[in-house]
Structure formats: C-alpha cells, structure tokens
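Take a look at the structure set out below.
The values are calculated or read from the model by the stated rules, or taken from the named source; none is laboratory data. This structure is a prediction, so every number in the text was calculated from the model and none was measured. FYI the Cβ positions are ideal-geometry reconstructions off the backbone, even for glycines, and counts take in every protein chain you see.
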Amino acid sequence: MIIHIDGIKENFTRQKDKQKAAIFAYISQNGPVARKDITTALHLRSTSVSMLVQELIDDGLVAEGQSLTRGRAGRPDIGLRIAEARLVAATIYVEGYKFIGSLVDMAGNILMQKSLKIPPQETNQTVLKKYKLMLGALKNAAPAKSECIGAGISAVGTIDEKNRTWVNADRWPKIKDLNVGIFENDIGIPIGLRRNLDIELEYMLEKKPECRTKSTILFHWGFGIGGAYAYQGKILDSPAGRYMDIGHTIVHSTSKKRCRCGLYGCLEAEAAIFGLLPLLQKRFPNLQEDSSDIDSILSDPQICTIPGINHAINTVGIFLSNLYKIFYPHRIFLVGPFARNPKVVKCLEKTIIKTFYAKLRDKVHHIDLITIPDGFSGCMWANAYPFFRKRLTELLAARV
C-alpha cells in the first residue's frame, strides 16, 4: 500500500471499523489470502470476517481471484487481493525547472507520468494553463472502474497551503500569488497545495514510522538548498508560508555572490547548483543548471578536485553543524545529488564533529546522517497521501 493503514485505524473508535481496516491491511500485505487465513491471523470470528470481507468486495476495495486450493477435495479457498486501481490520485511536483505529473494507485503503481519544462520567465497565466492541462490528462488516464479522488500539487518557495496559493518562488520570479484551486471545478476533483520539502519529509515519516516519535530534519542540497522539520511526527510550518528557509540564510556577509533572492552571501549562492555553476563550467564548459547529467557529475568523488567546491562543502558542513545545535534532531535525512556523494557526506560529518563543543563531541560522533538513495521521488507519493487517507477512512468504516 502507498500509505500505512495503521494511521487510518487511529481515526476509528468503533471496533468493527478497526476490524475492517485491519482486514484490508492484512490482505494488502499478504494477498492473495483466504478468509480462513484472515480469521486465524487476526483472531477474529469467521462470521465477522465473512461479513466485513463482503463489504470490502462490495466497496470495490477487494477482489476475489482464483482458488488457492485447486485440485484439493472440499470447498475451495478463494484468494482475496486488493483492487489496487480502485482509488487513484494525481500528483504534480517540481524538479528543477520541470513539473513532474503522475497518476498513482493505492499500491503505488504509476499509471501515467509526464513532465513539462517551465522556463524561468513563465507567468501565472501560462503556469495555470499547464497545470490545468496536465491534471486533465492525468485524470483522463484513470482506468474505467477507478475513482480519481484528488490532485496533490507541491511547489518550491512560499506556499499558502490554506488558500492553495503559490505566493512566490525565486526560481520563477514572475509567479506571484498563483491560486491553483481556481480550476478545481473544471477538473472535477479536490486539489491540494503544499511545500515540496514538507511533502518529502512526510514521505519519509510514512515509510519509517519509528521516526514519528522523535525529531527529524530533512536537508535538501541540490538545485536549491532547503529543509523541513518534524517533531513527534508533526511537520512544523509557519503563517508566512515558509519554514526552515535555510537556503537564504546569509553565511558570508561580505560575499560578492548574489543570490536569486537579491541578497549576497546566501547559502544557496555559495553552495547550490546555480551558485556553483560558474566553477563547474570551468571543468564542464557545456554544463547548464538543468542539464540531465548534472546528478552524475555531482555524485562523482572527483567533484572535490574542482577549485572552490571544497569551500562549498565546508560551508554546508558548518551550516549543518549550526542547524544541529539549534534543533538537536535525532536524525537528519540528506536529499539531493551532493548528498548521494559518499565523499561529500564524509566531509560533512567531519565538519559537524569538528565544529561542535568539545564536551559534546562524543555524543555527536554518532550523529545519524541518513542519505536518501538515487531515484527519490517522495513528492510523487506523499502528494497523494491526504486523498487516500480521507477516502479510505470513509470506505473502511463498517456499515453495521
């Protein structure tokens, strides 16, 4: 399943609702299974299992398959499996200067995917048009018997989540107060808007439930630099629509490097891809900020031989050390092409330990820096979480 059913079970107070959700979760994790297997595994009465399984079948969430006891004497045990495409959701997230759109089902299968390049000069009108076209295409790709339950959009910059408004983004300076909810009626499904980094952290909390009981930071270093923070499983935000706006923290007040935000000496200007591009182009003359091969270049240990790169790594390491001193998190998830470079991560760890108080060095020696592997697309899945949670909460409520 794309989400953990345990989180949905917490919404229920009636025992029958919890049992129905437990049966659905068991089938999703072990299917195809027979009814008697569910009865044994969950310690339920056979009559309760039969009744609740029938509800799941009637709801279209579970389908009956082939006999699990073919060729044996007696009444056959029919295999039950999740109808994965019963619910689908559309998701769109930002990657560089592209919008990546996907249609995903309950099992996390990608039923359709497409991308659109969004140049930096795009305006509200053109971006809204592209959003609408992409969402329409994704919804229309839903299988005939599927229910498209919503569209989750995540973006960079300042986000007014409550009013579904993309306030601004340095990457697209002409975007201002873009309301993505205005075409909700035209598309015919609910639309949500959240910050990319918050969504990425929510994905990690969903996949690693043990992280929900402690404090966690997600640190993204790549095209831009930013972060998200969760305490006791709750992702913190602010009324300003930004939180942990660390990329625009000034780290060198006398620097001559101008950031896209207009200030000088920001962490992004010193260490993000766009800030390091002039250095990288000395080694790779044809390299552009959105080049398809930039990930492999940055993850190569030889990147450290380029003059100026070690300064950027040290700057980020010192910043992480200060960030650690402010929050004292139990773990830090590192995301992005730099973070996938083992040599860079090792340098970051050394800098954090070196710049810590002597009396605390023994404790931070075991700092939990967790590198997220290649192919991370947390936004693609987590954008859909609210819609799956809401609809499954409705469907998993027992009717008796």
Candidates 162, 145, 114 - the one that is of a type in the set (D, E, K, R) and in contact with a strand residue (DSSP E or B) (Cβ under 8 Å, 6 or more places away or on another chain)
114
Checked pairs for the stretch 245-266, first of a type in the set (Phe, Trp, Tyr), second surrounded by fewer than 16 Cβ atoms within 10 Å (Cβ to Cβ) and in a strand (DSSP E or B), C-beta under 9 Å and 6 or more apart or across chains, list as 264/250; 264/258
Which of the residues spanning the stretch 177-186 are more than 14 Å from residue 92 (Cα to Cα) and either touching a helix residue (DSSP H, G or I) at 6+ places or on another chain (Cβ under 6 Å) or touching a residue at least 40 places away in the same chain (Cβ under 8 Å) (or both)?
177, 178, 182, 183, 186
Which residues, taken from the stretch 125-143, are in a helix (DSSP H, G or I) and of a type in the set (Gly, Ala, Ser)?
136, 137
May I ask you to verify whether residue 80 is touching a Gly at 6+ places or on another chain (Cβ under 7 Å) and in contact (Cβ under 8 Å) with a residue 40 or more places away in the chain?
yes
Inside the stretch 294-309, the number of residues satisfying the requirement of being without any contact (Cβ under 8 Å) to a residue 12 or more places away in the chain and either closer than 13 Å to residue 279 by Cα or outside any helix (DSSP H, G or I) (or both) is 1
Before we move on, is residue 86 over 30 Å from residue 274 (Cβ atoms) and at pLDDT below 95?
no
Those residues that are among the charged types (D, E, K, R), touching a residue at least 24 places away in the same chain (Cβ under 8 Å), within 28 Å of residue 382 (Cβ to Cβ) and assigned to a loop (DSSP other than H, G, I, E, B), I need them from the stretch 1-25; list them, please.
none
Checked 56, 80, 52, 103 against criteria (within 27 Å of residue 197 (Cα to Cα), surrounded by 17 or more Cβ atoms within 10 Å (Cβ to Cβ) and either of a type outside the set (Phe, Trp, Tyr) or at pLDDT 95 or above (or both)); the one match is 103
Quick one: in the stretch 26-37, which of the residues that are assigned to a helix (DSSP H, G or I) and within 32 Å of the chain's Cα centre (by Cα) is surrounded by the most Cβ atoms within 10 Å (Cβ to Cβ)?
27
If you take the residues of the stretch 334-344 that are in contact with a helix residue (DSSP H, G or I) (Cβ under 7 Å, 6 or more places away or on another chain) and buried (at least 18 other Cβ atoms within 10 Å of the Cβ), which of them is farthest from residue 372 (Cα to Cα)?
344
Only residues that are at pLDDT 75 or above and farther than 19 Å from residue 61 by Cα: list them for the stretch 357-400, please.
368, 369, 370, 371, 372, 377, 378, 379, 380, 381, 382, 383
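Wholly within the stretch 166-277, which strands (runs of 3 or more DSSP E) include no fewer than the required count, namely at least 1 residues that are on the phi < 0 side of the Ramachandran plot, crowded, with 18+ Cβ neighbours inside 10 Å and assigned by TED's automatic domain parsing to the domain that holds residue 117?
176-179, 191-195
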Among residues of the stretch 134-144 being hydrophobic (A, V, I, L, M, F, W, C) and farther than 14 Å from residue 185 by Cα, the residue surrounded by the most Cβ atoms within 10 Å (Cβ to Cβ) is 138
Inside the stretch 217-234, can you point out the residues that are more than 21 Å from residue 344 (Cβ to Cβ) and in contact with a strand residue (DSSP E or B) (Cβ under 8 Å, 6 or more places away or on another chain)?
229, 230, 231, 232
Checked pairs for the stretch 157-172, first among the aliphatic types (A, V, I, L, M), second assigned to a loop (DSSP other than H, G, I, E, B), C-beta under 6 Å and 6 or more apart or across chains, list as 159/241; 167/241; 169/156; 169/157; 169/175
From the list 150, 108, which residue is under 25 Å from residue 378 (Cβ atoms) and crowded, with 21+ Cβ neighbours inside 10 Å?
150
Which of the residues spanning the stretch 111-133 are surrounded by 13 or more Cβ atoms within 10 Å (Cβ to Cβ), free of Cβ contacts under 8 Å to residues at least 40 places away in the same chain and of a type outside the set (A, V, I, L, M, F, W, C)?
113, 114, 115, 126, 129, 130
Six or more apart or on different chains, Cβ atoms under 8 Å: show the pairs whose first residue is in the stretch 231-244 and free of Cβ contacts under 8 Å to residues at least 12 places away in the same chain and whose second is part of a loop (DSSP other than H, G, I, E, B).
236/243
